[in-house]
Amino acid sequence: MHAIEKILARASGKDTVTTGEIVKAKVDFAEVNDLYLQTIYSFYEMGGKKVWDKDKLCFVFDHYAPAPTIKSAQIHKEMRQFVQEQGLTHHFDINTGVCHQVMPEAGVVWPGMILVATDSHTTTHGAFGAFGTGVGATDMATIMISGELWFRVPEIIKIEINGQLPEGVMAKDVILYILGKLGADAAVYKAIEFCGSYVENLGVAERMVICNMAVEMGAKTAYMVPNQQVLEYVKARTNRPFDILETDPDFKYAESYVFDISQLSPQVAVPHSVDNVVPIEEAPSVKVDQAFIGACTGGRVEDIKAAADLLRGKKIHPHTRLVVIPASNEVFLEANKLGYVEDLIKAGATFSTPGCGPCLGAHEGVLASGEVCVTASNRNFPGRMGSTGASVYLASPATAAAAALTGHLVDPRTINKGVE
Amino acid sequence: MHNVTGKAFVFGHNIDTDQIYPGRYLELVDPQEIASHCMEGADPTFVQRFSPGDIIVAGRNFGCGSSREHAAITLLHAGVGAVVAESFARIFYRNAINLGITVLVCPGITKEVNEGDILEVNLGEGLVINKTTGKTITGEKLSDYALEILAHGGIKPLFRKITAQME
């Protein structure tokens, strides 16, 4: 069995599971974000009274934080009321950040667990060797009542990534490249394991970037074998005992792919599809109105550092805006302590409260018709960041910073060459 | 399991949740308002042309992107008869079944159906009959559990039975 199958088997009280089998698994932790007031309504409509375990469910206010409209303020109000009535142990209000960042920080994510959240990018937690998956409001309501959810045991795809990344190229470029090669429907209803020499040595932030975007290939969940950096991260944040379930050597993957990233260029997903990926050399040199660095894909300290390193002592282009939204308050504080926040503000960046605002076109930097944005977030669907008439280019934080500096989509590796 | 007959609206591959229901409307709660933005990101004229009971036909990976249940809710409130696609994104597929929407995976369907064709979807057999061309297209039968949910009109009525038994 694969580690993913062992996680599902253990959670459903079975010795073995087989591909295609439907199992009812106990959920270790569940999260509702602030788009999903419907979850609470569904919970009561279905006869729910008390949640199954007040220690295992949390709400995170990130998509509308702080509330930009009266309607979203009302959503927050009703959710806070539910949190208090149910006596939930964990609650992450508008002063915390993006769910996929604040949950690991709070120590509620560990290897071998099942984490279900009302957010498609819950695949992010595969970075920690957890089974993380997204669901809608009604599925979440069934978990809130019963603590369980049915899963189809997925086919598992192996994506091996080998080599050492060239200077100026980031984890985001790696996953965009793979998405471009395999396509947005490569893993629909399947799971992906990322492995290979590149992944084995990868830091926590970069692992999260890659697992985050597995869902853009349709993946139900992503998985990486936890490495030393992951174990140190988890142990620093929770005393909970856990063990790592290992894949049997004779396990047969449904599909296998091998990528070498040692010659990789920065990559760009051009509008309007996440798999419409070209290397920066082939990308159009479009005029850029806004660059965005943030959200659950591109808002970690490492991402903000990449932008600060590129923009320190410089000024962004007068016709371009740079919006930076750290993934969490912890990230914000760290980036501030390291001087990156000051570097970027002096260069002309606008900082906003940790959260997801512009990534889904809710607030804090939405786009007008005809505008172009280069973003370190994860989707470029029509209308994703505001007007359907806007054009969204997905790229690394370094490429987004280079666009802010020059006012054009440009190779970030050309910026500091020969200048300093 | 009853059959559904309706007029086909044909879409391409990778119709994402932002096209089915744009993020800027996520705050809405009124069913009629939610229905009025159905498929707006993919085709702003859809709502004017669509009648309850009509059928959406799409290519691969229908419903990819966000976990937002609004994507299924808008189709429910608009009165979609069924969604037949070459494949579905996982979260959308679960959301649709949970809400009692008839969904069918039917490889090759977009090649066999033109916009405006009259289709009959036979969920029990996993078949689509194109009444306009007379052709029958074979899809994939749903799992027993999914069929049980649909037979109850969605997971809420099914769960109400379970929670009632818990007391």
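The values are calculated or read from the model by the stated rules, or taken from the named source; none is laboratory data. What you are looking at is a predicted structure, and each value in this text was computed from that prediction instead of being measured. No Cβ is skipped: glycine too gets one built from the backbone with ideal geometry, and neighbour counts run over all protein chains shown. We work out accessible area using only protein heavy atoms, side chains counted, and drop any ligands, DNA or RNA first. Shrake-Rupley method; radii C 1.70, N 1.55, O 1.52, S 1.80 Å.
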- Message: If residue A:72 satisfies all but one of (1) crowded, with 20+ Cβ neighbours inside 10 Å; (2) within 14 Å of chain B (Cβ to nearest Cβ); (3) more than 20 Å from residue A:119 (Cβ to Cβ), what's the number of the condition it fails?
- Response: (3)
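Could you check the stretch A:119-213 for helices (runs of 4 or more DSSP H) lying wholly inside it with 1 or more residues that are under 28 Å from residue A:294 (Cβ atoms) and more than 13 Å from every other protein chain (Cβ to nearest Cβ)?
Numbers: elements: A:137-146, A:171-182, A:197-200, A:204-212.
Of the helices (runs of 4 or more DSSP H) lying wholly inside the stretch A:119-213, those with at least 1 residues that are under 28 Å from residue A:294 (Cβ atoms) and more than 13 Å from every other protein chain (Cβ to nearest Cβ) span A:171-182, A:197-200, A:204-212.
Condition check ((1) within 14 Å of chain B (Cβ to nearest Cβ); (2) open to solvent by 50 Å² or more (accessible area, probe 1.4 Å); (3) closer than 18 Å to residue A:131 by Cβ) across all residues:
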| site | (1), (2), (3) |
| --- | --- |
| A:2 | no, no, yes |
| A:10 | no, yes, yes |
| A:34 | yes, no, no |
| A:37 | yes, no, no |
| A:48 | yes, no, no |
- Could you please give the count of residues in the stretch A:168-196 that are surrounded by fewer than 24 Cβ atoms within 10 Å (Cβ to Cβ) and of a type in the set (Asp, Glu)? 1
- Message: Looking only at the stretch A:345-368, how many residues end up being open to solvent by 40 Å² or more (accessible area, probe 1.4 Å) and over 11 Å from residue A:324 (Cα atoms)?
- Response: 3
- Considering only the stretch A:13-32, state which residues are among the acidic types (Asp, Glu), under 17 Å from residue A:130 (Cα atoms) and within 14 Å of chain B (Cβ to nearest Cβ). A:31
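Tell me yes or no: at least one residue of the stretch A:60-77 is within 18 Å of residue A:143 (Cβ to Cβ) and out of contact with any Gly (no Cβ under 7 Å at 6 or more places or on another chain). It would help to see each step written out before you state the result.
To start, the set of residues in the stretch A:60-77 that are within 18 Å of residue A:143 (Cβ to Cβ) comprises A:60.
After this cut, where a residue has to be out of contact with any Gly (no Cβ under 7 Å at 6 or more places or on another chain) as well, the list is A:60.
Yes, because at least one residue in the stretch A:60-77 is within 18 Å of residue A:143 (Cβ to Cβ) and out of contact with any Gly (no Cβ under 7 Å at 6 or more places or on another chain).
If you take the residues in the stretch A:226-258 that are over 24 Å from residue A:180 (Cα atoms) and of a type in the set (Val, Ile, Thr), which one is nearest to the other protein chains (Cβ to nearest Cβ)? Steps first, answer last, please.
Of all residues in the stretch A:226-258, those over 24 Å from residue A:180 (Cα atoms) come to A:226-252.
Among the residues that remain, those that are also of a type in the set (Val, Ile, Thr) are: A:230, A:234, A:238, A:244, A:247.
Details: A:230: 25, A:234: 25, A:238: 26, A:244: 26, A:247: 22 Å.
Top of the filtered list is A:247.
This table checks each residue for (1) in contact with a Phe, Trp or Tyr (Cβ under 6 Å, 6 or more places away or on another chain); (2) assigned to a strand (DSSP E or B); (3) assigned by the TED database to the domain that holds residue A:360.
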| position | (1), (2), (3) |
| --- | --- |
| A:10 | no, no, no |
| A:13 | no, no, no |
| A:18 | no, no, no |
| A:25 | yes, yes, no |
| A:31 | no, yes, no |
| A:38 | no, no, no |
| A:42 | no, no, no |
| A:53 | no, no, no |
| A:58 | no, yes, no |
- Being under 19 Å from residue B:87 (Cβ atoms) and hydrophobic (A, V, I, L, M, F, W, C) narrows it down to one of B:34, B:55, so name that one. B:55
- Message: So, in the stretch A:144-159, how many residues would count as being in contact with a Lys or Arg (Cβ under 9 Å, 6 or more places away or on another chain) and open to solvent by less than 10 Å² (accessible area, probe 1.4 Å)?
- Response: 6
- Message: Go through the stretch A:86-118 and report how many residues are assigned to a loop (DSSP other than H, G, I, E, B), under 19 Å from residue A:145 (Cα atoms) and among the β-branched types (Val, Ile, Thr).
- Response: 2
- Task: Answer yes or no as to whether residue A:316 is open to solvent by less than 40 Å² (accessible area, probe 1.4 Å) and assigned to a strand (DSSP E or B).
- Result: no
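Looking for whichever is within 30 Å of residue A:96 (Cβ to Cβ) and more than 14 Å from every other protein chain (Cβ to nearest Cβ) here; the options are A:397, A:358. Which one fits?
That would be A:397, the only listed residue that is within 30 Å of residue A:96 (Cβ to Cβ) and more than 14 Å from every other protein chain (Cβ to nearest Cβ).
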- Item | Among (1) part of a helix (DSSP H, G or I); (2) surrounded by fewer than 20 Cβ atoms within 10 Å (Cβ to Cβ); (3) within 13 Å of another protein chain (Cβ to nearest Cβ); (4) not acidic (Asp, Glu) - the single one residue B:96 does not satisfy | (2)
- Among the numbered criteria (1) free of Cβ contacts under 8 Å to residues at least 40 places away in the same chain; (2) surrounded by 14 or more Cβ atoms within 10 Å (Cβ to Cβ), which single criterion is violated by residue A:290? (1)
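Show me the strands (runs of 3 or more DSSP E) found entirely inside the stretch B:1-91 where at least 3 residues are open to solvent by 40 Å² or more (accessible area, probe 1.4 Å), farther than 27 Å from residue A:363 by Cα and away from chain A (no Cβ under 11 Å).
Strands (runs of 3 or more DSSP E) meeting the threshold: B:3-10.
Hey, among A:327, A:295, A:307, which residue is buried (at least 17 other Cβ atoms within 10 Å of the Cβ) and more than 16 Å from the chain's Cα centre (by Cα)? Give the derivation first.
On the way: A:327 fails: more than 16 Å from the chain's Cα centre (by Cα); A:295 fails: more than 16 Å from the chain's Cα centre (by Cα).
It is A:307.
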- Out of all the residues in the stretch A:259-273, is one or more within 14 Å of chain B (Cβ to nearest Cβ) and open to solvent by 40 Å² or more (accessible area, probe 1.4 Å)? yes
- Subset of the stretch A:370-380 [open to solvent by 10 Å² or more (accessible area, probe 1.4 Å) and in a loop (DSSP other than H, G, I, E, B)]: A:370, A:371
- Task: Consider residue A:250 carefully, then state whether it is outside any strand (DSSP E or B), without any contact (Cβ under 8 Å) to a residue 60 or more places away in the chain and buried (at least 21 other Cβ atoms within 10 Å of the Cβ).
- Result: no
